[in-house]
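The values are calculated or read from the model by the stated rules, or taken from the named source; none is laboratory data. Since the structure is predicted, the reported quantities are computational estimates derived from the model, not experimental observations. Using ideal geometry, Cβ is built from the backbone for each residue, glycine included, and neighbour counts are taken over all protein chains shown. Accessible surface areas use protein heavy atoms only, side chains included; no ligands, DNA or RNA. Shrake-Rupley method; radii C 1.70, N 1.55, O 1.52, S 1.80 Å.
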Amino acid sequence: MQPNQRRSLEFALDNLVWFMLLAVLVVFSLTVPNYFQLGIFANIIEQSSVLGVMSIGLALVIIAGHMDLSVESVAAFSAMATGILFASSGIGMGITLTPGWLVVPVSILVGLGVGAAIGALNGFLVIKIKMNAFIVTLSSFIWVRGLVVASSGGRSAQNLADELRFLAIQRVLGIPLTAYIAIVCFVGFSFMMAKTRFGRHLLMIGGNENAAFRAGIKVDKVLMIAFILSGAIAALAGWLLAIRTSGATANLGAGMLFNAFAAVVIGGVSLKGGLGALPGVYAGVLLLSSINTAINLMGLPAHYTQVIHGLLVLAAVLLDTLKQTIRKKLA
């Protein structure tokens, strides 16, 4: 194979999910009534914001060769903490700060602190105690969701402070500010993975942890940071979710874990670790949101969404296997 052909094939393999997204948008624009309009595309980006941010943290841990099933519950707990402290109805305490804009950074810090603490606990049990990451984070998925119910008593907190709601209501070019926050997160963490030592080390650890250790990489430190980041990023997703809904309920975000896994796998992150890029994950999130939007416009029952998502995950795993086979032949 000629070098130019090889580079073209590598580019196609690395960006396959973007080509899939483009094909889906073209097909839906041609076949689904009222799909091809700027308002629909803006809505797709908006609907992708919370899931997109949650998928970033999950992708980091999976790239490192581990698993984090707790991200959904961490997001829910962060949302509930934000609602209890800064909502004025239901179980909300309605805390006010002077000046009022301080509620934004303070609420973010509260959420990030909660998520980072849970992520640190997960990392400690996995890295220092040598427990299985699947079991540890599954346990966290359960007990953190229990904390959400216990802290709320099954009740809701509504009517967040106006300064927080402003981020969900205010739009620039038809897109709410919360969506721009998600885009900035993807750009920032994509840069981190591609251009920093931490990102390179994370990929090396996921590819072969023993080889990375022998190469002098501080494996335990890098993995601990990955788990802490996963928890903190999931908490940020919960904060965005609370803003979008102007509060929190005990079952807020239920089912998002499976969609986050779908987005990560569809985005080209290998469940074996050591392979994947965050731009592809964002494309996976947009692909899921595009399909959900088409289903809603066609008036199809909601269970069609689950069927299609499941088939997409299966197709993504098969494509991942195919891509690895092709890369071995190119090597």
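Contact annotation: residue pairs with Cβ atoms under 8 Å, 6 or more positions apart or on different chains, pairing a residue in the stretch 29-40 that is without any contact (Cβ under 8 Å) to a residue 40 or more places away in the chain with a partner that is not aromatic (Phe, Trp, Tyr), are PHE36/SER29; PHE36/LEU30.
From the list GLY153, GLY247, which one is farther than 23 Å from LEU286 by Cβ and surrounded by 22 or more Cβ atoms within 10 Å (Cβ to Cβ)?
Checking each option against the conditions leaves just GLY247.
For the stretch 1-16, state whether one or more residues are of a type outside the set (A, V, I, L, M, F, W, C) and open to solvent by less than 40 Å² (accessible area, probe 1.4 Å).
no
Considering every residue within the stretch 175-196, establish whether at least one is surrounded by fewer than 22 Cβ atoms within 10 Å (Cβ to Cβ), in contact (Cβ under 8 Å) with a residue 40 or more places away in the chain, over 20 Å from LEU58 (Cβ atoms) and of a type in the set (A, V, I, L, M, F, W, C). Yes: one or more hits.
Quick check, is LEU202 open to solvent by less than 40 Å² (accessible area, probe 1.4 Å) and under 22 Å from VAL103 (Cα atoms)?
Details: open to solvent by less than 40 Å² (accessible area, probe 1.4 Å): yes; under 22 Å from VAL103 (Cα atoms): no.
So LEU202 does not fit the description; no.
Scanning the stretch 82-134 for residues that are among the hydroxyl-bearing types (Ser, Thr, Tyr) and out of contact with any helix residue (DSSP H, G or I) (no Cβ under 7 Å at 6 or more places or on another chain), we see that the one that is surrounded by the fewest Cβ atoms within 10 Å (Cβ to Cβ) is THR98. List, please: which pairs have Cβ atoms under 8 Å, are six or more places apart or on different chains, and start with a residue in the stretch 88-107 that is closer than 13 Å to ALA248 by Cα and end with one that is among the charged types (D, E, K, R)? As it stands, the answer is GLY90/ARG155; ILE91/ARG155, since those pairs meet every condition given.
Residue count for the stretch 46-81 under the criterion of being acidic (Asp, Glu) and either under 10 Å from the mean Cα position of the chain (by Cα) or open to solvent by 10 Å² or more (accessible area, probe 1.4 Å) (or both): the result is 2. Just one of the listed residues (ILE118, ILE62) is within 30 Å of SER156 (Cα to Cα), touching a residue at least 40 places away in the same chain (Cβ under 8 Å) and assigned to a helix (DSSP H, G or I), and it is ILE118. Close Cβ contacts (under 8 Å, 6 or more residues apart or on different chains) running from residues in the stretch 138-160 that are charged (D, E, K, R) to residues that are assigned to a strand (DSSP E or B) and open to solvent by 50 Å² or more (accessible area, probe 1.4 Å) comprise ARG155/GLY90.
The rows are residues; the columns are (1) of a type in the set (A, V, I, L, M); (2) under 28 Å from THR137 (Cα atoms).
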site	(1), (2)
THR249	no, yes
ALA263	yes, yes
LYS272	no, yes
LEU278	yes, yes
GLY284	no, yes
ILE291	yes, no
ALA294	yes, no
HIS303	no, yes
THR325	no, no
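Of these, ALA302, ALA211, which one is within 26 Å of PHE28 (Cα to Cα), open to solvent by 30 Å² or more (accessible area, probe 1.4 Å), among the hydrophobic types (A, V, I, L, M, F, W, C) and free of Cβ contacts under 8 Å to residues at least 40 places away in the same chain?
Values: ALA211 fails: within 26 Å of PHE28 (Cα to Cα).
Criteria check complete, one pass: ALA302.
Open to solvent by 90 Å² or more (accessible area, probe 1.4 Å) and either more than 21 Å from GLY52 (Cα to Cα) or at pLDDT 80 or above (or both): is that true of LYS328 in this structure?
So LYS328 passes the test.
Checked against (1) open to solvent by less than 20 Å² (accessible area, probe 1.4 Å); (2) of a type outside the set (Val, Ile, Thr); (3) on the phi > 0 side of the Ramachandran plot, GLY255 passes all but a single condition, namely (1).
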